[in-house]
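As structure tokens, the structure follows; a few thoughts come after it.
The values are calculated or read from the model by the stated rules, or taken from the named source; none is laboratory data. All of these numbers come straight from a predicted model, not from anything done at the bench. With ideal geometry, Cβ positions are generated from the backbone for all residues, glycine too; neighbour counts draw on all protein chains shown. Accessible surface areas use protein heavy atoms only, side chains included; no ligands, DNA or RNA. Shrake-Rupley method; radii C 1.70, N 1.55, O 1.52, S 1.80 Å.
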Amino acid sequence: MMATLTYRDAVGEALQDSMRADAKLIVIGQNLAHSLKALVEEFGDQRIRDTSISESAMVGMAVGAAMKGWKAVVMIAYADIASVCHKAIVQSAAKLNYLTCGRLPCSVLIRLPIARFRGHGPMGNEVAASWFYNVPDLNIAMPGSADEAYWNFREALERLKPTLFFEDRSIHNRAGEVSGEQRGGRAAVTRSGDRVTLVPAGRAAAMAEDVADQLAKEENRKVAEVVSLGFIKPLDTETIFGAARKTGRVLIIQDEPPWGGYARYLRCLLDELPSGSLAAPPVVLCGADEYLPYWDERPFLPSVEKIAAAARNLMA
């Protein structure tokens, strides 16, 4: 049944429902006896496993559990700490299914919270998704709503290959309806319009929806179509291309710098469409190629104002 949840609560519900549905799902992380106290009381400390501060060991434990037929959720404190366990993710988790000729699945979800606007400066607030974009057999989820947060989480644990789950804490309190139907990891058209298509993920998807609502008021009709990616790897190109052809103008929004990630890759895919498919070349709006300062991150990142200005320019 459909329910209204905050983004944070949707992730929590997804974890709890997944553990109730599968007795062989465990959670691995630090200080879980405190942060997941309710789950410890329900499922016991054998399924909620507290570890020492060693992210590589945590991912290694999850891969070992997967080899024995278990599923695992690994709780990493911040997204950019993924650099510490990069080898375990790439060399162990991502390659397990391939190296065993498909005999061993690796249904491991690695939670990577993005700590935006918390004064962490260059330590703790990087997105880090683009660091892994060229790794085969590695799914990357970046939900932008409560619905996507819930269903992407559930979907990831059904996949035979590992998933990096990037959740943005800056939208943790944003509420939305969680549908009773799983989309199988497909992108979602969250706003309908006929003049410009906005293609974001994560925090950028929440901002794009606000922009679409703002432009609808200005134009007295729905002009901006929003395609929230949900999973940025693999991409749901069918939904993206359909929305792109509908309006003929595409604005791709990404929180990370422009040199990698889904934005440039998607721009390349759109450039390969037959001539005349689009009315204008796709535009990419990204974060700055800078470390984010302690004092204020906003000037270096996409914002509602920047997205709205870029959309207006495209429509003009």
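Values for this structure:
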| read-out | value |
| --- | --- |
| For the range 255-265, Karplus couplings with θ = phi - 60° (6.51, -1.76, 1.60), whole Hz, Gly/Pro x | 6, 7, x, x, 7, x, x, 6, 5, 5, 5 |
| Taking the convex hull of Cα positions in the range 112-154, its mean projected area over all directions (nm²) | 3.9 |
| Extension gain (nm, one decimal) between VAL304 and ASN173, 0.36 nm per residue minus Cα-Cα | 45.4 nm |
| Counting DSSP beta bridges with both ends in the chain, the antiparallel % (nearest 5) | 25 |
| Relative compactness, the chain, computed as alpha-carbon Rg over 2.2 N^0.38 Å | 0.99 |
| Cβ-defined net charge surrounding GLY176, 11 Å radius [Lys, Arg +1; Asp, Glu -1] | -4 |
| Local net charge near VAL127, Cβ-Cβ under 10 Å (Lys/Arg +1, Asp/Glu -1) | -3 |
| Average projected area [Cα convex hull, the range 162-296], square nanometres | 10.0 |
| Cα shape, the range 131-203, gyration tensor, a/c 1.5 rule | prolate |
| Scaled radius of gyration (Cα, divided by 2.2 N^0.38 Å) that the range 1-120 gives | 1.10 |
| Kirkwood hydrodynamic radius of the range 1-72, from inverse mean 1/r over distinct Cα pairs, in Å | 13.1 |
| Solvent exposure of the range 18-147 as accessible area per residue, Å², 1.4 Å probe | 44 |
| Lysine pair count for the range 16-165 [Cα-Cα under 19 Å; pairs on different chains or 8 or more apart] | 10 |
| Helix 7-21 vs. the chain, principal-axis angle (Cα, 0 to 90°, nearest 10) | 40 |
| Candidates per GluC sites (Glu not before Pro) in the range 263-316, loop by DSSP, up to 14 other Cβ within 10 Å | GLU272, GLU290 |
| Rule-of-thumb Rg ratio for the range 254-303 [Cα; 2.2 N^0.38 Å; N residues] | 1.43 |
| The range 189-259: chymotrypsin sites (Phe, Trp or Tyr not before Pro) falling in loop per DSSP and having at most 10 other Cβ within 10 Å | TRP259 |
